[in-house]
Each structure stands twice: as C-alpha cells, then as structure tokens.
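Taking it in order: structure first as structure tokens, then the write-up.
The values are calculated or read from the model by the stated rules, or taken from the named source; none is laboratory data. All values reported here derive from a predicted model rather than from experimental measurement. Here the Cβ positions follow ideal geometry from the backbone for every residue, glycine too, while neighbour counts run over all protein chains shown. In case anyone asks, the SASA skips ligands and DNA or RNA and just uses the protein heavy atoms, side chains included. Shrake-Rupley method; radii C 1.70, N 1.55, O 1.52, S 1.80 Å.
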Amino acid sequence: MGQLDNKVAIITGSGRGQGLVAARLFAKEGARIVVNDLDAESVDIAVASIKDAGGEAAGAVGDVSKAADVQATLQAAQDAFGGFDILYNNAGIGYSATKRFGIAMSDVVNCTEDDWHRILDINVGGIFLFCKYGIPKLIERGGGIIINTASIAALRGGADAHAYTASKGAILSLTRAVAVTYGPKGIRANTLCPGVIDTEMIHDALIDNSGVSETLARSTPLKRNGTPEEVADVALFLASDQSRFVTGEAFAVDGGIIQSIGLS
C-alpha cells in the first residue's frame, strides 16, 4: 500500500528538477500524476518515465501564468483521471531565468518593470490561477491538498533578486490565507521553502560558477547542499495523511542554512 493510493496529483513544473523527482515519488506511492510543464518534450519524457516504472501519468503542456493553460491542465486531470486530489504548485523561476529567459535577478532599483511583472506573474500568478480555478474542483471532491513552493527567500532578506523575494513572500502569505479560508471545506494548504537544492536549474544559475557550490555548502550546518529527493520527501509528507492536522505552515528544507546566515 502506498501513501497516496487512489489519489490524483497535479504537479506543475514537473518536467524536470524538483517537480520531476516529486512526480516519480508520488507515483511510486500510488498517485496518478498529471505532469505539467512549459516544454512539451520534457513533459513527454517525464510521463514515459513514470509509466515505465509502473505508474500512471498524463501530460499537460502549458504556461502557469496563462489562465487558459491552467484551465487546460485542470481539464487534463479531469479527462485522464476524473479529477484531482493534490495540487502541487511547484513551477516557478529564479536565478536561472537570467540564462534561460533573459530575466535579471536584481535589486528593486535596477529591476525593470517588465522583469518585475514577469517574475510575479509566474511565481505568484501561477499559484493564484491554479487556486482560483482548482479550489472549486477540490471542494467538489470533498477537499484536498495544496502544496505551494516558495523559498527560504520568503523567510529572509537578500541583497538582490528583490522581485523573486517578493514573489516568494507573497506565496507564503497567500498559502496561509487559503488555509484559513478553505480549511472548513476540507482543504489543507502548506508551503515548501527549499534552500539550495542541487538541480539542473541551480547548476545553470549558481553551482556552475566556480566556488559558489562550496561556499553555499559551508554556510549550511549540514555542510552540503540539498537534493530534490529531500524536498520530495517533505512534499510527500504534506500530501499524505501523515500531515492530516497540518495546514497553513511553512517548511524550510534547507539543511539549516537560514539559521546560520550571517554567522561565522
């Protein structure tokens, strides 16, 4: 018996990185998965990998910042599996957006208006849209689980990436509000706040830069960076009945780095 038997999970941004690892773990634990990502090839590969491992999955290509794409993803869950029980809002952009999309991670004075809006449209707007259109469907099923991915940036200040930081702080507050408003309807909502996790996205943004990985690892009490599997394990806890009395909370998955920032 898996922890998520008979559940259906939509995981955004699950074509690669943390989302893909979570999708595979959730499928291993019995959930049927709707893989959502912006890149069609990544979606196809992710769906195939889940099926090859004996799981069930369907794909939904789309931009989380576009209402029509969000609604299409929700409809894909309905068409493939009759609905969904878990909404894992993992998709977002961070430092790697400079390399991938030409979006700069700068301070508030130097951030362009276009970059500001694009970052918030994806990181916060995507969660807003999935909650707006997804929560009524969860209520129809008698309740469900929402997991929103923020960052340790939501819990501390930083010298740059102010739009990113603002977006992650907004996710934290929105999740708490959703938990309060829709708890009586059987919906639990919690936030993941990952630290430095060793993924392709982080390699693109930070770890490929000489010495950055080692510096970040030394700042962490556990003296290493995290893995996507470690984030997925916490997400599984939040998606399962093991956390049935937990809602409105933020979970830092950061090896304790937020506790040691600024200390020698």
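Over the range 88-137, accessible surface divided per residue gives 49 Å², non-protein components excluded, 1.4 Å probe.
On a full-extension model of 0.36 nm per residue, what is the gain between A68 and V246, subtracting their alpha-carbon distance, rounded to one decimal in nm?
Values: separation 178, 0.36 × 178 = 64.08 nm, distance 3.16 nm.
So the chain would gain 60.9 nm between A68 and V246.
Helix 113-123 axis versus longest C-alpha principal axis of the chain: approximately 40°, rounded to the nearest ten.
If one takes the longest principal axis of the Cα atoms in the chain, at what angle in degrees, from 0 to 90 and to the nearest 10, does the Cα axis of helix 40-52 lie? Rounded to the nearest ten degrees, it is 60.
Please work out the FRET efficiency for the pair Q75 and E41, using the Cβ-Cβ distance as r and a Förster radius of 30 Å; give the result to the nearest 0.05. Please list the in-between numbers first.
Values: r = 22 Å, r/R0 = 0.72.
The formula returns an efficiency of 0.90 here.
A simple count of charges around I139, restricted to other residues whose Cβ falls under 14 Å of its Cβ and scoring Lys, Arg +1 and Asp, Glu -1, yields +3. Summing charges over all other residues whose Cβ lies under 15 Å from the Cβ of M1, with Lys and Arg as +1 and Asp and Glu as -1, gives -1. What a 1.4 Å probe finds exposed on the chain is 51% carbon and sulfur by accessible area, rounded to a whole percent. Over all other residues within a Cβ to Cβ distance under 14 Å of A179, the charged ones net out to +3, with Lys and Arg as +1 and Asp and Glu as -1.
Given a 1.4 Å probe, how much area per residue of the range 143-188 is accessible, in Å²? Intermediate results must be reported in sequence, preceding the final value.
Values: 1730 Å² over 46 residues.
Normalised by residue count, the accessible surface of the range 143-188 is 38 Å².
Among the lysines of the chain, pairs that are 8 or more positions apart or on different chains and have alpha carbons within less than 17 Å of each other number 7. If one takes the longest principal axis of the Cα atoms in the chain, at what angle in degrees, from 0 to 90 and to the nearest 10, does the Cα axis of helix 162-182 lie? It works out to around 30 degrees. In the chain, the C-alpha radius of gyration followed by the widest Cα-Cα span (Dmax) gives 17.5, 54 angstrom. Here the translational diffusion coefficient of the range 57-114 follows from Stokes-Einstein with Rh set to the Kirkwood radius across Cα pairs; for 4 °C and 1.567 mPa s it amounts to 94 µm²/s.
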